[in-house]
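Visitor: Can you read through this structure? Questions will come right after.
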Amino acid sequence: MIKILTADLSAVVRTIEKQIFSSCPDFEFISSCPDAALLLDDCRKLHPDFVLCSADIPDIRNVIKVISDELHIISVVMNTNLSASILFYGATEIQKPEFISMSKNDTDDFLNKLLQIYQFSNIKFDKIKRGINQESSKENCPCESKRKSKEKHFKALVVGVSTGGPKTLQLLIRSLGKDFPLPVFITQHVDTTFDKNMVSWLDKTVDLTVSLAEDGVVPLPGHVYFAPADNHLVFTKEKGDIKIVLDKSEPINFLRPAVDKMFSSAAEVYGENCLALLLTGMGNDGTEGCKAIKKYCGYTIGEAEESCVVYGMSKSAYEAGAIDEMLSLELMGKRVNQLVKIAGGDSNE
């Protein structure tokens, strides 16, 4: 059984949560708290496996960081408005249900979602608890020493996507905002008859300039470049300038363009200054590319199952240990902008 501890400002909600989890054979309800301080105190005393709390509790963000980073407890934050999320590091965010009016089907769906999150997150936290991510091993990691010596300065955002891509990409590009300071490179698995239409549609419906990539072009900040159908999008560096190269080399796992090809090239050319997103899609394209980006000390984010049309590509990379962070689609734009701002990335120079 999964020992669960909950926190909510409402006594009514806390009572309903107790009833829900006490009647579910998969969970052992151990406590409920009205504020962040008591939640942290109970976590240290009762050692739960799982924490469920509401985003509107004062100081909950700081407490969640301690719960995740120091206590290594899997946590879920319920937010009534995900679009206004402030990002709870280490936690999974979900839409807060209307507890008072929940039907049995609503309750079952809610419990199943929490069980999926727990099972998914437990892979990472089990590794931490077993000591795989020891400080001693971190000291020997070249990327860790780079993080300590200087901040990253992201110079490119690379995106890989397949099934469900067009609408997903529209939402993602819109969330980046009209002043996004980096060039964006996208490999979408697409037929030769569809690439121009898709790019034209996106260019008309988002703030950033969207176009098919052209050979030899020096990419511009705030522009989105798509790999054309039947071409790998890769990069070269000549006299200090990074340029786009359209590559007709062999398909990778029957795919051209391939996410692995673009990500691996970006890793070699941009190094630690590469930020990558691996989104919805079938199969495992992008896993080897994410490994390459991590090898060169870049940063990788995968799309969480809850927002994927097909949960395949990001799942494969995550299970291979090639993803730094998993987020639902609605949180990605905000997180990317935050990382770019923190890192000071503002150009493709």
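Visitor: Sort out for me the Cα centre separation of region 1-22 from region 233-268, rounded to whole Å.
Guide: Their Cα centres are 50 Å away from one another.
Visitor: Turning to a different aspect of this structure: Considering only C-alpha atoms, what is the centroid distance from region 271-299 to region 28-84, in Å?
Guide: Taking the Cα centre of each part, region 271-299 and region 28-84 sit 30 Å apart.
Visitor: Taking the Cα atoms only, what angle lies between the long axis of helix 104-129 and the longest principal axis of the chain, rounded to 10 degrees?
Guide: Long axis of 104-129 versus the principal axis of the chain: about 70 degrees.
Visitor: Still on this structure, I have one more. Run the reach check for K155 against aspartates and glutamates, Cα to Cα strictly under 14 Å, same-chain hits fewer than 8 apart removed. What comes back?
Guide: D241, E268, E272, D346, E349
Visitor: Given K239/K294; K248/K294; K196/K248; K65/K334; K178/K261, which pairs have Cα atoms separated by over 21 Å?
Guide: K239/K294; K248/K294; K178/K261
Visitor: What order do R174, R61, R14, R335 take when sorted by accessible area (1.4 Å probe), most exposed first? Mind showing how you got there, number by number?
Guide: Numbers: R174 120, R61 80, R14 50, R335 20 Å².
The residues order as R174, R61, R14, R335, largest area first.
Visitor: Moving on. At 0.36 nm per residue, minus the direct Cα-Cα distance, what do V66 and N337 gain on full extension? Give it in nm, one decimal, please. Spell out each step's value before the answer.
Guide: Values: separation 271, 0.36 × 271 = 97.56 nm, distance 2.36 nm.
Taking 0.36 nm per residue and subtracting the Cα distance, the gain is 95.2 nm.
Visitor: Using the Cα centre of the chain as the reference point, and only Cβ charges (+1 on K/R, -1 on D/E), how large is the resulting charge dipole? Debye, rounded to the nearest 20.
Guide: Rounded to the nearest 20 debye, it is 560 debye.
Visitor: Further, regarding this structure: Over all alpha-carbon pairs of region 160-239, lay out the pair-distance distribution in 10 Å bins, whole %, shortest bin first.
Guide: Result returned by the calculation: 18, 55, 25, 2.
Visitor: What is the angle, in °, between the Cα long axis of helix 11-22 and the longest principal axis of the Cα atoms in the chain? Nearest 10 is fine, range 0 to 90.
Guide: 90 degrees
Visitor: While we're on this one: Which cross-chain or sequence-distant (5 or more) residues have an amide H under 5 Å from the amide H of V158, H modelled 1.01 Å from N in plane?
Guide: Sorted by chain and number, the residues that satisfy this are F185, L275, A276, L277.
Visitor: Taking the 0 to 90 degree range and rounding to the nearest ten, how far is the long axis of helix 259-270 tilted relative to the main principal axis of the chain, both from C-alpha atoms?
Guide: 80 degrees
Visitor: Now for a separate question. Return the calculated 222 nm mean residue ellipticity for the chain, to the nearest 500 deg cm²/dmol, obtained by summing -39500 (n - 2.57) across DSSP H runs with n ≥ 4 and dividing by the residue count. If you can, show how the numbers build up before the last one.
Guide: On the way: 12 runs with 138 residues, N = 349.
Helix-only estimate at 222 nm: -12000 deg cm²/dmol.
Visitor: Please list, in order along region 200-207, the HN-Hα scalar couplings obtained from phi with the Karplus expression 6.51 cos²θ - 1.76 cosθ + 1.60 (θ = phi - 60°), rounded to whole Hz, x for Gly and Pro.
Guide: Running phi through 6.51 cos²θ - 1.76 cosθ + 1.60 with θ = phi - 60° gives 4, 5, 5, 4, 7, 10, 10, 7 Hz.
Visitor: Something else now. Can you give me the Kirkwood hydrodynamic radius for region 192-349, using every pair of distinct Cα atoms, in Å to one decimal?
Guide: 16.2 Å
Visitor: Calculate the translational D of the chain in whole µm² s⁻¹ from Stokes-Einstein, where the hydrodynamic radius comes from the Kirkwood formula applied to all Cα pairs, the temperature is 37 °C and the viscosity 0.692 mPa s. Before the final figure, lay out each step's value.
Guide: On the way: Rh = 21.4 Å.
Estimated diffusion coefficient is 154 µm²/s.
Visitor: Going highest first, how would you order 26-34, 210-218, 275-283 by mean Cβ packing within 10 Å? Could the numbers behind the result be given before it?
Guide: Details: 26-34: 17.8, 210-218: 15.1, 275-283: 25.3.
Output ranking for 26-34, 210-218, 275-283: 275-283, 26-34, 210-218.
Visitor: Work out the FRET efficiency for K239 and M102 from their Cβ-Cβ distance, taking R0 = 41 Å, and round it to the nearest 0.05.
Guide: Once the sixth-power term is evaluated, E becomes 0.05.
Visitor: Within the accessible area of the chain, what % is carbon and sulfur when the probe is 1.4 Å and the other protein chains stay in place? Don't skip to the answer; put the middle values down first.
Guide: Working: 7980 of 15930 Å².
Ligands and nucleic acids excluded, carbon and sulfur reach 50 percent.
The values are calculated or read from the model by the stated rules, or taken from the named source; none is laboratory data. Note that the structure is predicted; figures quoted are calculated from it, not measured. Ideal geometry is used to build each Cβ from the backbone, glycine not excepted, and the neighbour counts take in all protein chains shown. Heavy atoms of the whole protein, side chains included, go into the accessibility calculation; ligands, DNA and RNA do not. Shrake-Rupley method; radii C 1.70, N 1.55, O 1.52, S 1.80 Å.
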